[in-house]
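The next block holds one structure in the form of structure tokens; read it before the comments.
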Amino acid sequence: MRRPYRSPGLSDRDREVIEIERRWGPGPSATPMKLDEAQERLGLDARSYTLVVNSLIDDPSAHAADPETMASLRQIRDAHRERHRPN
């Protein structure tokens, strides 16, 4: 298993969230499993988990810890925003 870079700017919770995202991968089909794991491991409800993920997307420390996962999440978020942007 790949060991993530331990960035000093990330909390243990942040690293756990990145690990969940890495393990399940992007996409809506994995969302229920990610949310279940976040609830079990971290005590985060769906809204809280989503807020943490979105904050990590813009965090340089998160990108340093796992560039591939964070780039994928940013791409998904940006595509979602583009689709839902008012004309």
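Values as computed for the structure displayed
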{"item": "Qualifying residue in segment 48-58 (condition: surrounded by 11 or more Cβ atoms within 10 Å (Cβ to Cβ), among the aromatic types (F, W, Y) and either assigned to a helix (DSSP H, G or I) or in contact with an Asp or Glu (Cβ under 7 Å, 6 or more places away or on another chain) (or both))", "result": "yes"}
{"item": "Single residue of G25, G9 found to be over 11 Å from the mean Cα position of the chain (by Cα), under 17 Å from P67 (Cβ atoms), of a type in the set (G, A, S) and modelled with pLDDT under 95", "result": "G9"}
{"item": "Failed item in (1) out of contact with any Leu (no Cβ under 9 Å at 6 or more places or on another chain); (2) at pLDDT 95 or above, with R85 passing the rest", "result": "(2)"}
{"item": "Boolean, R41 is at negative phi, at pLDDT below 95 and of a type in the set (D, E, K, R)", "result": "no"}
{"item": "Long-range neighbours under 8 Å by Cβ, at least six apart or interchain, first residue under 15 Å from E19 (Cβ atoms) within segment 50-62, second surrounded by 13 or more Cβ atoms within 10 Å (Cβ to Cβ) and among the hydroxyl-bearing types (S, T, Y)", "result": "S61/S7; A62/S7"}
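The values are calculated or read from the model by the stated rules, or taken from the named source; none is laboratory data. What you see is a predicted model, and the numbers here were worked out from it, not measured in a lab. Because the Cβ atoms are built from the backbone with ideal geometry, glycine has one as well, and the counts that use them run over all protein chains shown.
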